[in-house]
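Enquirer: Once you've had a glance at the structure underneath, I'll fire off some questions.
The values are calculated or read from the model by the stated rules, or taken from the named source; none is laboratory data. Treat the numbers as computed from the prediction; the structure is a model and nothing was measured. Cβ coordinates were reconstructed from backbone atoms using ideal geometry, including for glycine residues, and neighbour counts include every protein chain displayed. With ligands, DNA and RNA removed, areas are computed over all heavy atoms of the protein, side chains included. Shrake-Rupley method; radii C 1.70, N 1.55, O 1.52, S 1.80 Å.
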Amino acid sequence: MLKLGSHVSLSSSSAGLLGAAKEAYSYGADTFMVYTGAPQNTRRSALDKLKIPEALDFMSQHNLSDIVVHAPYIINLASCKEDTYNLAREFLAVELQRAHAFGANYVVLHPGAFTTSTAQSGIERIIAGLNEVIQEHLPIVCLETMAGKGTEIGRNFEELSAIINGIKLQDKIGVCLDTCHMHDSGYDIVNNFDGVMEDFDNKVGQQFIKVLHINGSINICGAKKDRHANIGATSDNPRGEDKIGLQALHKIIRHPVFDNKPLILETPWLDDKHNLYKEEIALLRGEL
Ligand code: FE
Ligand code: FE
Ligand code: ZN
């Protein structure tokens, strides 16, 4: 079964998680992803203000399941700066608790950027940090595949494998594949998705795949840019043409490895008030 959804906002206003669930329902979604607060900072509202029980009720009544939480970008476990690393570790521990309170099974994390050190030392710090915060009763940490801009770690399957191999609780670590990022980092998901998945299985193991981010890309394969495009967007789309394309994405999401797993759109908004999530979900289901 296809389990489709998008990123929705968890506003600090009174709507809380219930508002996020209602927004997802308005798009015809089966699942959704939230940031627990602004992705750029660590300010978070109190859990008892977020209407969590009401949201979980609404979800079960409207066939919504498998909330995904995306950790904020400021978490950088690969940093060689002590204060950045400590903040990352402490905040990720709190995020895992919050995601657990939401009933979420997955927390998506950008592995980190090694900045002025090396990929090897970055990977070592990520492993050490994760082993401190991952716990048996908390959600699975899903390392996201990255586009490879700057010094991002997670730009290839070898780096993801190196991190995963160092994690003590193997059932609490996973991967979130991102179609835009894989394409931008140089994997030919348009013409050879099955081959890319075979490569992933050999280097990492398909059992670690938990979540998929479905995005188009405005750049060519290997561009290392990370600019998302709307699904199948043509050149008249204000946010740019999608170089991955609907046909490829349609096929990718039907790969058996994604059966019943949360598939999440993070496609651009056309302007402040309009996104295409509802249309894109219908398009991917084959309804448009
Ligand atoms: Fe991400
Ligand atoms: Fe993503
Ligand atoms: Zn991205």
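Enquirer: Can you list the chymotrypsin sites (Phe, Trp or Tyr not before Pro) in the stretch 240-288 that are in a DSSP coil and have 16 or fewer other beta carbons within 10 angstrom?
Expert: Details: sites: 258, 269, 277; in loops: 269.
Answer in residue order: 269.
Enquirer: Label-point separation (nm) for residue 151 and residue 86, each offset 7 Å from Cα along Cα-to-Cβ?
Expert: Going by the 7 Å Cα→Cβ label model, 2.0 nm.
Enquirer: R0 = 30 Å: FRET efficiency of residue 255 with residue 14, Cβ-based, nearest 0.05?
Expert: Working: r = 40 Å, r/R0 = 1.33.
After rounding, the FRET efficiency stands at 0.15.
Enquirer: Where the only charges are on Cβ atoms (+1 Lys, Arg; -1 Asp, Glu), what is the dipole of the stretch 153-196 about its Cα centre, to the nearest 20 debye?
Expert: I would put it at about 260 debye.
Enquirer: Enumerate the amide H contacts of residue 213 below 5 Å, restricted to partners 5 or more residues apart or on another chain; note that Pro and chain-start residues carry no placed amide H.
Expert: 177, 178, 179, 264
Enquirer: Leaving ligands, DNA and RNA out of it, work out the accessible area of residue 241 with a 1.4 Å probe and give it in Å² to the nearest 10.
Expert: Rounded to the nearest 10, that gives 80 Å².
Enquirer: Keeping all protein chains in the complex and leaving out DNA, RNA and ligands, what accessible area do you get for residue 115 with a 1.4 Å probe, in Å² to the nearest 10?
Expert: Ignoring ligands and nucleic acids, residue 115 comes out at about 70 Å².
Enquirer: Between residue 247 and residue 42, with labels modelled 7 Å along Cα→Cβ, what's the label distance in nm to one decimal, could you check?
Expert: Calculated label separation equals 4.9 nm.
Enquirer: Counting only Cα, what are the radius of gyration and maximum Cα-Cα distance Dmax of the chain, in Å?
Expert: 17.9, 51
Enquirer: Considering only DSSP beta bridges with both partners in the chain, what is the antiparallel share in %, to the nearest 5?
Expert: Working: 4 of 31 bridges.
Within the chain, antiparallel bridges account for around 15 percent of the total.
Enquirer: Then there's this: Based on the Cβ-Cβ distance from residue 269 to residue 168, what FRET efficiency comes out when R0 is 45 Å, to the nearest 0.05?
Expert: Numbers: r = 40 Å, r/R0 = 0.88.
Calculated value: 0.70.
Enquirer: Further, regarding this structure: Which lysines have a Cα less than 29 Å from the Cα of residue 81, not counting those fewer than 8 places away in the same chain?
Expert: Cα-Cα hits under 29 Å: 149, 168, 172, 224, 225.
Enquirer: Report, to two decimal places, the Cα Rg of the stretch 177-262 normalised by 2.2 N^0.38 Å (N = number of residues). Walk me through the numbers before you get to the answer.
Expert: On the way: Rg = 12.6 Å, N = 86, 2.2 N^0.38 = 12.0 Å.
For the stretch 177-262, the normalised Cα radius of gyration comes out at 1.05.
Enquirer: Whole-Hz ³J(HN,Hα) for each residue in the stretch 49-62, computed from phi via Karplus 6.51 cos²θ - 1.76 cosθ + 1.60 with θ = phi - 60°, x for glycine and proline: what do you get?
Expert: Going residue by residue, I get 9, 9, 6, 5, x, 4, 5, 5, 4, 4, 4, 5, 6, 10 Hz, with x marking Gly and Pro.
Enquirer: Expressed as a whole percent, how much of the Cα-Cα distance distribution for the stretch 134-288 exceeds 29 Å?
Expert: Values: 2019 of 11935 pairs.
Across the stretch 134-288, Cα pairs with separations above 29 Å total 17 percent.
Enquirer: Moving on to the next point. Can you send over the carbon and sulfur percentage of the accessible area for the chain, probe radius 1.4 Å, protein chains only?
Expert: On the way: 6130 of 12100 Å².
C and S fraction of accessible area: 51 percent.
Enquirer: Once you sort the root eigenvalues of the Cα gyration tensor of the stretch 146-208 as a ≥ b ≥ c, which label holds: rounded (a/c under 1.5), prolate (a/b larger than b/c) or oblate (the other case)? It would help to have the intermediate numbers written out before the result.
Expert: Numbers: a/c = 2.29, a/b = 1.35, b/c = 1.70.
Judged from the Cα gyration tensor, the stretch 146-208 comes out oblate (a/c at least 1.5, b/c at or above a/b).
Enquirer: What GluC sites (Glu not before Pro) in the stretch 125-155 are in a loop by DSSP, with at most 14 other Cβ atoms within 10 Å of the Cβ?
Expert: Values: sites: 132, 136, 144, 152; in loops: 136.
Here the sparse-neighbourhood loop sites are 136.
Enquirer: Which residue fluctuates the most in the chain, going by a Gaussian network model with Cα springs under 10 Å, if the choices are 87, 96, 138?
Expert: Fluctuation is largest for 87.
Enquirer: Which ³J(HN,Hα) values, rounded to whole Hz and listed in residue order, are derived for the stretch 83-91 from phi using the Karplus coefficients 6.51, -1.76 and 1.60 in 6.51 cos²θ - 1.76 cosθ + 1.60 with θ = phi - 60°, glycine and proline given as x?
Expert: Calculated HN-Hα couplings, in order: 6, 5, 5, 5, 4, 4, 5, 5, 6 Hz.
Enquirer: If R₀ is 25 angstrom, what is the calculated FRET efficiency for the pair residue 234 and residue 188, using the beta carbon separation as r and rounding to 0.05? Can you show the working numbers first?
Expert: Working: r = 22 Å, r/R0 = 0.86.
Efficiency for this residue pair is about 0.70.
Enquirer: So which trypsin sites (Lys or Arg not before Pro) in the stretch 182-288 end up in coil per DSSP with only 10 or fewer other C-beta atoms within 10 Å? Working shown, then result.
Expert: Details: sites: 203, 210, 224, 225, 227, 239, 243, 251, 254, 273, 278, 285; in loops: 224, 225, 227, 239, 243, 254, 273.
Listed in order of number, the matching sites are 273.
Enquirer: Ordered by residue, what ³J(HN,Hα) values in Hz, to whole numbers, does the stretch 273-286 give under the Karplus form 6.51 cos²θ - 1.76 cosθ + 1.60, where θ = phi - 60° and Gly and Pro are x?
Expert: For the stretch 273-286, the Karplus curve yields 9, 10, 10, 10, 3, 4, 5, 5, 5, 4, 4, 5, 6, x Hz.
Enquirer: Okay, next question. With each label point set 7 Å from Cα along the Cα-Cβ vector, what nm distance links residue 117 and residue 54?
Expert: 4.4 nm
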